[in-house]
Each structure stands twice: as structure tokens, then as C-alpha cells.
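Remarks on the structure that follows.
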Amino acid sequence: MIKNSAILVTGAAGFIGFHLSQFLASEASNTVWMLDNFARSRRDEDLETLLKLPNVKFLQVDLSNEELDLPQVDYVFHLASINGTENFYTRPFDVIEAAVLPTLRLLRFYSGSNVKRFLLTSTSEVYAGAIETGLSEIPTPETTPLVIQDSKNMRWSYAAGKIASEMATMAAANQYGLPATIIRFHNVYGPRMGSQHVIPEFLERLKKEDFTLFGADNTRSFIYVRDAIVATAAAAAADESENEIVHIGTSVEVTIRELAQQIMAISGIRGNLKIHSAPKGSVSRRCPDTRFLREVVGFTPEISLYEGLSLTIPYYIKAHYKS
């Protein structure tokens with residue numbers, strides 16, 4: 001656990017950023033600066049409660065458009081981006097800009113400072129093309145080639161922005177000696193993740209007795225948000241992960257059909273699935289090699305998919321859910 005530190009979390013009002021800020025602020029000796037521009041997130045009851053803690057401070061800053069005036073900190077957790085598959089198609093330029101420009105500004109600002117670690121959050125999408133073209137194996141190691149399979153397909157806008165951000169981060173580490181770590185999240189889920197992800201999207205359809213399921217035979221590896229943020233903090237604190245890439249996920253590969261069946265069993269909503277093809281560009285398989293996380297960082301996920309879904313589904317089924 002990181003202690004006695006000043007910490008900046010960008011994208012802090014979002015899904016993972018909020019949970020990470022909450023976790024880091026649970027150590028009273030830390031000061032956590034939460035930064036967000038509310039482009040996609042919102043001030044909800046959970047956020048307002050967190051902001052009342054004496055060791056939490058909030059900065060409403062647009063990292064793309066403003067001259068940066070940020071606190072000097074010990075750790076930077078850079079999560080700010082535009083995610084959500086629908087956005088990849090409808091706002092592809094915004095998606096790329098929101099990934100690359102803030103990363104460049106932050107790297108420039110904190111290079112040469114006393115930051116102990118600059119942690120960039122990336123995604124398994126960066127090597128999705130390598131899997132589809134047979135250039136990588138399953139489970140997929142951190143050394144897998146990063147491939148944009150089709151630059152005309154806007155499905156790859158998010159991956160392209162993250163690839164550029166990864167390269168910029170390692171370039172700053174190389175040129176300026178900035179201690180950096182890149183983590184690649186693999187299907188993090190949990191309460192407060194919004195509506196544009198496979199689990200809440202499927203739940204929203206179930207609530208309308210619509211049993212449509214896309215890409216039923218595709219596989220994914222899901223990690224509950226509590227495990228993901230504890231692993232993220234551990235990777236930032238580990239000496240061995242400096243200037244390294246770390247997969248944050250589990251090695252349990254499940255089909256989307258199996259995921260849907262578990263969701264239906266837990267929610268108690270029954271019906272016959274109506275199977276449709278996955279969207280063009282969707283990766284058929286995804287499962288990370290997590291040996292570095294387990295053996296070097298020293299973290300092993302504790303929460304099973306069934307347990308995590310049982311903690312997640314009530315949030316979306318009840319009135320507190322907003323699409």
C-alpha cells in the first residue's frame with residue numbers, strides 16, 4: 001500500500017479512477033488530488049462523499065485545452081480517456097485526442113520532477129490486432145506486438161490513441177529519466193462503470209426482456225474493480241515494475257455466452273438468448289498472461305467472476321442505475 005504520499009489521479013470521477021482514488025485515500029497519510037473535466041463522468045453521491053474526506057482534493061481541469069498548473073506529487077496515475085465501444089465509432093477523433101494530448105502534456109509537466117512513478121493506464125485493445133492476425137498467443141504476454149489491423153475501421157481509434165500514449169510514456173522514461181509503468185487493463189467491471197460496457201448493456205436489455213447477445217462465442221477475461229485497483233497501486237509501488245508493462249487482469253477465459261448465463265442466473269431474469277454476430281473488428285479471444293503481476297509484483301486477484309457479478313448486478317438492477 002502506498003503511504004505518506006501526494007498522489008494525482010486523472011479521470012478520477014470516472015469508473016476506475018473513482019475506485020482507485022477511494023482506495024488510495026483510505027490510507028489517511030496520503031493526500032489524493034482527484035482531477036477530472038466531467039466530459040463523461042458526473043458528480044454523483046458517491047463522488048461527493050469521497051470529496052468530503054480531509055485528505056482528498058479536487059481539480060476540475062481539461063488536460064487538452066488548458067495550461068497545466070498542477071501540484072507536485074509523488075505518484076501520477078493517468079487514467080483520463082474516452083472509453084466505450086460506441087464512442088470508438090461515433091467520436092473517433094475525440095477518442096484519439098483525449099488519449100494522446102493529455103498524456104503528452106502530463107509527461108512534459110512531470111518530467112524532471114521528483115515523481116516516484118508515472119503510471120499510464122492502457123488497454124488490451126493495443127494488441128488485439130496481433131491476436132486476430134495470428135501474431136500472438138493466448139494467454140497473451142506483455143511482449144506481444146502492438147497492431148492496428150485496419151486504420152479505416154474506427155473500432156481501432158481507442159487502441160491507436162493508447163499505443164501512441166504508451167510510446168510517449170516510454171520515450172519520456174528514456175529521454176528524461178521519468179520512472180514510468182504502463183498497465184494494460186483487461187475488462188475491468190463493477191459498480192459505477194457506466195452503461196457502455198458489455199455487462200450493463202446486457203443488463204439493460206434484460207430489464208426490457210430483450211435477450212439479444214452479441215458475439216456469444218467470443219472470449220474475455222474479466223477482473224473485478226477492487227482487484228484491479230489494488231493491483232494497479234501495487235504495480236506503481238513495486239521497484240520491479242519501473243519502466244515495465246504490466247497486465248492487470250485474470251487468466252480465467254470465459255465466453256460471452258457464459259458471462260450472459262451467469263448474469264441471468266444472478267439477476268433472476270430468465271429467457272432464451274438471441275445470438276447475433278459481434279461488431280466488425282471485435283476480437284474473438286482475449287486472455288492475458290498475468291505471470292508478471294503474480295510472480296514479480298506479487299498480486300493475485302481474489303474475487304471470482306460470479307462473486308464480482310453478484311456485487312455488481314444490484315447496482316444496475318436497482319433505481320440507482322442510470323443509463
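The values are calculated or read from the model by the stated rules, or taken from the named source; none is laboratory data. Since the structure is predicted, the reported quantities are computational estimates derived from the model, not experimental observations. We place every Cβ from the backbone using ideal geometry, glycine too, and count neighbours over all the protein chains shown.
Looking for something at pLDDT below 95, among the basic types (K, R) and under 29 Å from E204 (Cβ atoms) - is there at least one such residue anywhere in the range 257-264?
For the range 257-264, residues at pLDDT below 95, among the basic types (K, R) and under 29 Å from E204 (Cβ atoms): absent.
Show the residue pairs that are 6+ apart or on different chains and have beta-carbon atoms under 8 Å apart, the first residue being within the range 242-256 and under 17 Å from A228 (Cα atoms), the second being modelled with pLDDT under 95 and among the aliphatic types (A, V, I, L, M).
As it stands, the answer is E253/I138, since those pairs meet every condition given.
Which of the residues belonging to the range 103-117 are crowded, with 23+ Cβ neighbours inside 10 Å and over 16 Å from P71 (Cβ atoms)?
Across the range 103-117, the qualifying residues are T103, L107.
From the list M193, M170, exactly one residue is aliphatic (A, V, I, L, M) and either farther than 24 Å from L293 by Cα or at pLDDT 95 or above (or both). Which is it?
None of the other options fit; the residue is M170.
Tell me which residues, restricted to the range 203-217, are part of a helix (DSSP H, G or I) and farther than 23 Å from V95 by Cβ.
L203, R205, L206, K207
For the structure I just gave you, tell me whether S241 is crowded, with 20+ Cβ neighbours inside 10 Å, closer than 25 Å to Y127 by Cα and hydroxyl-bearing (S, T, Y).
yes
Of all residues in the range 1-50, count the ones that are part of a helix (DSSP H, G or I), crowded, with 19+ Cβ neighbours inside 10 Å and of a type in the set (S, T, N, Q).
2
Considering only residues that are closer than 29 Å to E209 by Cβ and in a helix (DSSP H, G or I), look in the range 263-305 and name the one that is nearest to the chain's Cα centre (by Cα).
L305
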